[in-house]
Structure formats: structure tokens, C-alpha cells
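The next block holds one structure in the form of C-alpha cells; read it before the comments.
The values are calculated or read from the model by the stated rules, or taken from the named source; none is laboratory data. Being a predicted model, the structure only gives us computed values, none of them experimental. Positions of Cβ are generated from backbone atoms using ideal geometry, with glycine treated the same way; all protein chains shown enter the neighbour counts.
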């Protein structure tokens with residue numbers, strides 16, 4: 001799955017950076033992220049992200 005910027009904005013809107021992988025997963029769960037996106041967030045190799053662009057790039061490496 002390739003995560004688009006629109007999907008990230010939808011599921012992770014209002015998130016403050018930097019953010020940990022654990023907080024990303026929790027935020028996604030609380031905001032109705034799909035099971036597939038949650039699995040991708042859990043599979044991220046980096047433990048912290050400093051910007052939405054950094055997160056998007058990391059997610060796209062999993063696709």
C-alpha cells in the first residue's frame with residue numbers, strides 16, 4: 001500500500017511533531033485509521049519523526 005499525503009492528513013490531522021511511533025499508532029487508532037495503515041505505522045523502523053514529510057517518506061519505503 002502506498003500512503004498518500006491526503007490519507008496522512010485525514011488520519012493524522014492535528015498531530016504535533018516531533019512524534020514517536022507509539023504515539024502515531026495511538027493517534028491513528030483514535031482517528032479511525034484503517035487496519036492496513038495501522039500495521040504500516042507499527043512496522044516503521046524509525047522510532048521518532050520530526051515532520052509529516054519524514055513520516056510520509058518512511059511509510060512509502062514500506063510499500
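Which ones in region 37-53 are assigned to a helix (DSSP H, G or I) and either under 13 Å from residue 24 (Cα atoms) or in contact with a strand residue (DSSP E or B) (Cβ under 6 Å, 6 or more places away or on another chain) (or both)?
Residues satisfying the conditions are 37, 38, 39, 40, 41, 42, 43, 52.
Which residue out of 35, 2, 61 is surrounded by fewer than 16 Cβ atoms within 10 Å (Cβ to Cβ), more than 10 Å from the chain's Cα centre (by Cα) and at pLDDT 85 or above?
Among 35, 2, 61, only 35 is surrounded by fewer than 16 Cβ atoms within 10 Å (Cβ to Cβ), more than 10 Å from the chain's Cα centre (by Cα) and at pLDDT 85 or above.
For region 33-54, give me each residue that is closer than 16 Å to residue 10 by Cα and out of contact with any helix residue (DSSP H, G or I) (no Cβ under 7 Å at 6 or more places or on another chain).
Of the residues in region 33-54, the ones closer than 16 Å to residue 10 by Cα are 33-38, 40-41, 51-53.
If the condition is that a residue be closer than 16 Å to residue 10 by Cα and out of contact with any helix residue (DSSP H, G or I) (no Cβ under 7 Å at 6 or more places or on another chain), then 34, 35, 36, 51, 53 are the ones that fit.
So residue 50 passes all but one of these: (1) surrounded by 14 or more Cβ atoms within 10 Å (Cβ to Cβ); (2) more than 11 Å from the chain's Cα centre (by Cα); (3) modelled with pLDDT of 90 or more. Which condition number does it fail?
Result: residue 50 passes all but (1).
Can you tell me which residue within region 38-47, out of those that are at pLDDT 90 or above and loosely packed, with under 12 Cβ neighbours inside 10 Å, is nearest to residue 7 (Cα to Cα)?
Among those that are at pLDDT 90 or above and loosely packed, with under 12 Cβ neighbours inside 10 Å, it is 43.
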